[in-house]
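Let me begin by presenting the structure, written as structure tokens, before commenting on it.
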């Protein structure tokens with residue numbers, strides 16, 4: 001560890017053929033993946049964009065020029081200017097400041113959905129795939145039922161049944177988003193289950209939960225991360241659509257979809273008002289897609 | 001040590017193993033040869049507990065085996081697989097692979113056991129924290145053997161342990177297996193399509209064809225050509241014809 005003080009020393013430590021600990025070996029593997037990823041310019045653009053978006057959302061109180069809820073009715077629907085960088089909306093609120101705070105809501109919803117959905121999908125898929133038989137059949141039919149519902153309609157019905165709002169929108173999206181991950185994890189598990197290395201681990205006498213958790217699930221993680229990243233754009237779009245339909249974030253909260261919804265009456269004359277949140281949604285979705293493509297190149301086991 | 005009586009294994013409507021019987025004494029080696037699809041690997045998978053859908057009677061050290069095995073069984077009986085590229089977890093270091101049996105069986109002194117395990121199969125200590133893709137085929141097979149030995153088993157089931165390796169490495173691994181058997185008093189059941197490999201390591205040899213054990217004979221009898229079943233004679237003739245004159249293993 002003493003050689004890690006310098007950057008070349010750190011690189012040599014990471015790339016050594018003879019790591020001295022499990023942690024060093026694991027970090028070396030991660031560093032190699034990062035090197036492959038870094039070489040992909042488009043994916044790096046996506047990653048940098050996402051980091052900037054998240055940083056901007058986190059630093060919203062510092063970066064905002066106005067209070068996002070402060071109305072200025074004498075200055076409605078203003079064009080972009082030095083005072084209001086991206087103009088003002090129909091109540092004279094500063095669009096730039098609202099976009100920053102709206103990023104917290106939209107990106108926060110995405111993170112919340114992913115944190116709920118990915119572990120559930122992974123658990124359902126690996127358990128069904130590894131155990132097989134009746135367990136598999138029951139779990140997969142339940143998954144099929146959820147898959148059979150159109151995503152937005154089920155989310156709409158769910159939100160309408162509870163009450164419109166951010167948390168119910170998160171639950172609604174989560175409810176409809178997990179089945180593809182369960183399917184994916186199951187498909188991966190089916191190929192992993194038959195391998196000799198799993199047979200060898202079974203022969204150590206390890207319990208089934210231990211095999212699934214420690215040996216099967218880590219191998220499904222790569223393709224799951226790729227799929228989740230690629231799906232993030234559609235989660236953003238669903239969140240925005242729910243907001244647009246009045247079933248997600250409620251006014252006056254500056255969620256991007258809700259911002260477009262309230263500005264839709266001015267679409268033709270004051271086109272820049274709905275355009276700004278639209279651009280934000282577009283950039284965020286595109287960045288997640290670019291990142292997902294890059295991650296697939298380095299993480300997908302079938303491509304290695 | 002190992003008694004197998006009238007073992008039958010079925011896959012759907014196909015009977016892959018049709019009532020075979022054999023016995024292996026403690027510290028001895030029993031070899032099973034046969035062509036692909038003769039059911040020889042299936043015998044090993046049933047014996048190891050990987051396949052629990054069989055009928056007949058199998059016993060290790062006098063204890064009859066149930067279809068589902070307990071942890072104690074897996075401590076005493078271990079297996080080495082054919083393909084060293086497929087039998088090691090691609091995301092786990094050698095260290096992790098070797099410590100897994102120790103964790104499962106609650107065996108202490110992991111550090112010492114892993115280092116001794118590596119030394120025992122003649123792997124350098126630097127290989128300890130490498131991933132399988134950083135190792136050669138022969139090194140991987142050594143790791144697989146070391147892993148099988150971690151729980152200090154009495155019986156080692158070897159499923160074509162050398163057929164995925166190139167010829168020079170084959171000889172190394174075979175010699176390693178022979179050394180280990182002598183040192184630890186292990187009992188081997190070796191499955192191979194290669195008569196030379198089986199004859200090198202095993203005293204008794206069973207010949208399988210179409211799911212049946214058609215002949216059991218000693219390695220000396222095989223070398224001398226005292227075969228009684230036409231299939232054995234045929235296998236022996238093919239193997240001597242294919243044998244390279246400068247090959248490291250000769251019948």
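The values are calculated or read from the model by the stated rules, or taken from the named source; none is laboratory data. On a predicted model such as this, the values are computed, not experimentally measured, just so you know. Cβ sites come from the backbone with ideal geometry, for glycine too, and all protein chains shown count toward neighbours.
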Those residues of region B:190-210 which are surrounded by fewer than 24 Cβ atoms within 10 Å (Cβ to Cβ), in a loop (DSSP other than H, G, I, E, B) and in contact with a strand residue (DSSP E or B) (Cβ under 7 Å, 6 or more places away or on another chain) amount to B:193, B:203
Take the residues of region B:53-76 that are under 17 Å from the mean Cα position of the chain (by Cα) and within 8 Å of chain A (Cβ to nearest Cβ): which is surrounded by the most Cβ atoms within 10 Å (Cβ to Cβ)?
B:74
Candidate set: region A:52-92, residues that are outside any loop (DSSP other than H, G, I, E, B) and over 29 Å from the mean Cα position of the chain (by Cα); chosen: the one nearest to residue A:253 (Cα to Cα)
A:88
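Matching residues to (1) free of Cβ contacts under 8 Å to residues at least 24 places away in the same chain; (2) crowded, with 23+ Cβ neighbours inside 10 Å; (3) within 11 Å of chain A (Cβ to nearest Cβ); (4) more than 13 Å from the chain's Cα centre (by Cα):
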position: B:133; (1), (2), (3), (4): no, no, yes, yes
position: B:137; (1), (2), (3), (4): no, no, no, yes
position: B:147; (1), (2), (3), (4): no, yes, yes, yes
position: B:170; (1), (2), (3), (4): no, yes, no, yes
position: B:188; (1), (2), (3), (4): no, yes, no, no
From the list A:258, A:217, which residue is assigned to a helix (DSSP H, G or I), modelled with pLDDT under 90 and either within 14 Å of chain B (Cβ to nearest Cβ) or surrounded by 22 or more Cβ atoms within 10 Å (Cβ to Cβ) (or both)?
A:258
If I ask for residues that are closer than 12 Å to residue A:25 by Cβ and part of a loop (DSSP other than H, G, I, E, B), which ones from region B:121-141 would you list?
B:130, B:131
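A quick yes/no check of all residues on (1) within 14 Å of chain B (Cβ to nearest Cβ); (2) farther than 30 Å from residue B:126 by Cβ; (3) in contact with a helix residue (DSSP H, G or I) (Cβ under 7 Å, 6 or more places away or on another chain):
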{"site": "A:18", "(1), (2), (3)": "yes, no, yes"}
{"site": "A:27", "(1), (2), (3)": "yes, no, yes"}
{"site": "A:52", "(1), (2), (3)": "no, yes, no"}
{"site": "A:58", "(1), (2), (3)": "no, yes, no"}
{"site": "A:89", "(1), (2), (3)": "no, yes, yes"}
{"site": "A:98", "(1), (2), (3)": "no, yes, yes"}
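Looking at region B:85-95, which of the residues that are at the interface with chain A (Cβ under 7 Å from one of its Cβ atoms) and touching a residue at least 24 places away in the same chain (Cβ under 8 Å) is farthest from residue B:133 (Cα to Cα)?
Step one: filter region B:85-95 for residues at the interface with chain A (Cβ under 7 Å from one of its Cβ atoms), giving B:86-89, B:91, B:93, B:95.
If we keep only those that are touching a residue at least 24 places away in the same chain (Cβ under 8 Å) too, we end up with B:87-89, B:91, B:93, B:95.
Details: B:87: 12, B:88: 10, B:89: 10, B:91: 9, B:93: 10, B:95: 14 Å.
Filtering first and then ranking leaves B:95.
Identify, from the list B:102, B:98, B:44, the residue that is assigned to a helix (DSSP H, G or I), within 14 Å of chain A (Cβ to nearest Cβ) and within 16 Å of the chain's Cα centre (by Cα). Explain how you work it out, then say what you get.
Values: B:102 fails: within 16 Å of the chain's Cα centre (by Cα); B:98 fails: within 16 Å of the chain's Cα centre (by Cα).
Sole residue among the options that is assigned to a helix (DSSP H, G or I), within 14 Å of chain A (Cβ to nearest Cβ) and within 16 Å of the chain's Cα centre (by Cα): B:44.
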